[in-house]
Amino acid sequence: MAGHSKWANIKRQKARVDAKRGSTFTRLSRAIIVAARTGVPDPAGNFQLRAAIDKAKAAGVPNDNIERAIAKGAGTWTDGSALEDIRYEGYGPGGVAILIEAMTDNRNRTAGDIRAAFNKYGGNLGETGCVGWMFEQKGVVTVCRPDGRAIDEERLLEACIEADADTYELVTLGEDGDLPGAEVYTPVTNLNNLSQALTAAGYRIDSAEARWFPNNTVDITDASQARSLLRLMDALDTLDDVQSLTANFEMDDDLVALSTV
């Protein structure tokens with residue numbers, strides 16, 4: 001699929017470290033809120049919500065927090081701290097387009113934190129719409145086999161065709177990166193249908209989410225630009241209010257390794 005995000009691959013590597021270190025309760029709870037907002041607030045009928053709940057439980061988030069997050073997403077919980085969804089857009093070093101989706105109870109705080117990260121690492125926070133047209137949103141279902149064995153591509157392809165998926169990509173999952181898996185791509189409106197079909201086909205759902213992909217990419221070959229860009233992406237990604245983050249850059253893996261030392 002055109003526009004596979006380099007940052008998505010880097011983020012997958014980061015997630016293994018984050019999983020060992022422990023993700024923040026705030027971000028995990030807000031992922032549940034987002035999932036409950038975008039579908040029915042019932043994990044039995046919302047695979048995105050079910051996956052978010054499973055991740056929260058694995059990280060030790062208390063059941064009371066999880067239930068409160070579901071209620072907030074469904075609009076049945078009011079505690080005086082209304083959350084709103086905001087999109088931020090800007091440019092990083094090398095002219096890289098960056099798209100950020102945030103959920104916040106304090107718009108000024110979030111904007112200030114994001115602007116500070118852009119300024120610190122040589123980027124520019126722009127106006128809404130300045131780079132959004134460079135991306136498209138897809139549904140992504142990440143799967144593996146329950147027994148942990150390698151994915152049979154022919155069988156996976158058959159399941160994808162049956163469920164009207166667009167395409168798939170083999171990936172590695174798990175904290176140690178040793179679990180064979182696949183990411184299956186589909187229109188966002190088909191996300192739950194695809195999740196159900198892949199579950200029925202015997203796959204274990206690791207996550208089901210809407211994700212942004214760049215329509216075109218910028219090649220980063222300068223080590224200094226690469227270092228600043230990855231530090232900017234990491235600074236943005238660690239903000240609790242940031243729910244999703246993507247950018248339209250490509251760079252060699254050797255340069256990624258050098259820039260993250």
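Results, tabulated for the structure shown:
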item	result
Yes/no for T167 being touching a Phe, Trp or Tyr at 6+ places or on another chain (Cβ under 7 Å), surrounded by fewer than 15 Cβ atoms within 10 Å (Cβ to Cβ) and of a type in the set (S, T, Y)	yes
Sole exception among (1) under 25 Å from K138 (Cβ atoms); (2) assigned to a helix (DSSP H, G or I); (3) among the charged types (D, E, K, R) for D85, by number	(2)
Any pair with Cβ under 7 angstrom, 6 or more apart, that starts in segment 100-113 at a residue that is at positive phi and ends at one that is part of a loop (DSSP other than H, G, I, E, B)	none
Residue in segment 140-157 that is buried (at least 16 other Cβ atoms within 10 Å of the Cβ), within 26 Å of P214 (Cα to Cα) and over 22 Å from the mean Cα position of the chain (by Cα) present	yes
Enumeration of residues in segment 57-76 that are hydrophobic (A, V, I, L, M, F, W, C), farther than 15 Å from T38 by Cα, part of a helix (DSSP H, G or I) and at pLDDT 85 or above	I66
Any hit, segment 150-166, residues being among the β-branched types (V, I, T), at pLDDT below 95 and closer than 18 Å to L245 by Cβ	no
Any pair with Cβ under 6 angstrom, 6 or more apart, that starts in segment 217-243 at a residue that is more than 18 Å from V131 (Cα to Cα) and touching a residue at least 60 places away in the same chain (Cβ under 8 Å) and ends at one that is part of a helix (DSSP H, G or I) and of a type in the set (K, R)	D240/R27
Filter result for I32 (at pLDDT below 80 and either more than 18 Å from L245 (Cα to Cα) or assigned to a helix (DSSP H, G or I) (or both))	no
Test: G112 is surrounded by fewer than 17 Cβ atoms within 10 Å (Cβ to Cβ), over 30 Å from T221 (Cβ atoms), modelled with pLDDT of 95 or more and of a type outside the set (F, W, Y)	yes
Matching entry among S244, S195, S228 (being closer than 26 Å to T110 by Cα and crowded, with 20+ Cβ neighbours inside 10 Å)	S228
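The values are calculated or read from the model by the stated rules, or taken from the named source; none is laboratory data. No experiment lies behind these values; they were computed from the predicted model shown. Cβ sites come from the backbone with ideal geometry, for glycine too, and all protein chains shown count toward neighbours.
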